[in-house]
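FYI, it's all coordinate maths here, none of it is from the lab. Quick caveat, the model's predicted, so the values are computed rather than measured. Because the Cβ atoms are built from the backbone with ideal geometry, glycine has one as well, and the counts that use them run over all protein chains shown.
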Amino acid sequence: MVKVELTSSSVRDELLNQKRIIVNYITYDIIEYLASANVLMCSKCMALGHFKKQCTQTKETCRTCGDQADDMKSHKCSKVEKCVRCGQNHNSSLLKCPVVKSFRSELTRKILQVNNQSSRDSRLLNKNIIFNSTKFPPPPPPKSSALSINPMTVKLNELINKLSEVKDRLVNLEAKHDKFEQFICDKNHYDETIIKNMNDMSNKYMILKKDVVQQNFFIERHENLFCKLLIPMTEDIFTFISTQNQDKKGNSVDADLKCRINRYFVQMKKVTEDKPFSS
C-alpha cells in the first residue's frame, strides 16, 4: 500500500471518482484513506482533550488505581486497575477504553464533515471560475525528444545491452569450455599412454624375473654338477697320481709333483667351502 498526499482538492476528487491512477503506463487502484484522529490525553488528570500544561486540576491522578495524590513519586498505588473515565478494571491510559474509542470516533466524524464541506466549497468555487485563455501566458515549448523518451524503451534498451553482454560472456565461456575439454582429452590420451607403458614395463619385468630365476636355476645346477661330480672325480685322479708318485717304500718319486698335487687339493677344498683361490 502506498499513501499519496495531494495539495489540490479537485485533483483528489477527480482521482477518487476515477478510482485509479496511471504511473509509468501501469494502472493502480486507489481508495480514500482516512486516518484515525489523534486523541489528546492529559497525563495529570487522565482526561481527554487537553495536555498537562493546560490542566486545571491541582492533584495528580494515578493512571493505575485512579486515586489522586499531591506527588506521584510518594504515592502508594494499590496496583488494582481502575479507569477514571469508565470505571472499568483497566489502566486509565489505555487507548482501547470505551470512552476513548467513542471520543475518537466522534472526532473523526467531525473532521470528515469538515473535509467534505471544504471539498464541496472548492468544487462550487471552481464552477464559478471562467477560464479566459487571453489572461494566461502561452504554454511552454515542448520538451526535447531526449527528455520525452519512453521509459519503457529505455528499460528495453538497457535489457538488450545486458543480453548482449551475457551473450559475449557465454561465447567466452564456451571457448574456455572447449579448451578445457581438449585439455581433458589430451590428458586422457597421455594417461592411456602412460598406463600402456607401465603395463609393458611390468610385463618385461616379469619376463626378466622369470629369466633370472631360470638362470639362477642353471647356475645352481652347474654348481652342483661341478662340486658333486667334477671335484670328486678330480680328487680321485689326483689321489691316483699321488699313489703312482710313490716308490715301494712310500717315498715320493717327484717332490715337485707332490707339492702341486697338495696345492690342487687345497684349492679344491676352498672351492667346496666357497673360499677364494690363492696362487
Computed curve, region 172-272, Cα-only Debye sum without solvent term, log₁₀ I(q)/I(0) at 0.12 Å⁻¹, is -0.69
Phi-derived 3J(HN,Hα) across region 162-176 with the Karplus relation (6.51, -1.76, 1.60, θ = phi - 60°), rounded Hz, x for Gly and Pro, is 5, 5, 5, 5, 5, 4, 4, 5, 5, 5, 4, 5, 5, 5, 5
Per DSSP, the loop-located chymotrypsin sites (Phe, Trp or Tyr not before Pro) within region 203-279 having at most 16 other beta carbons within 10 Å are F277
For K73, counting only aspartates and glutamates whose alpha-carbon sits under 12 Å away and dropping same-chain residues fewer than eight positions off, the answer is E60
Low-density loop trypsin sites (Lys or Arg not before Pro), region 18-115, at most 10 other Cβ within 10 Å, DSSP non-H/G/I/E/B, are K19, K53, K73, K76, K79, K96
Taking every C-alpha to C-alpha distance in region 1-98 and binning by 5 Å from 0, the per-bin percentages run 2, 11, 16, 15, 9, 5, 6, 8, 9, 9, 6, 4, 1, 0
For region 7-107, listing GluC sites (Glu not before Pro) in a DSSP loop whose Cβ sees at most 13 other Cβ atoms within 10 Å gives E32
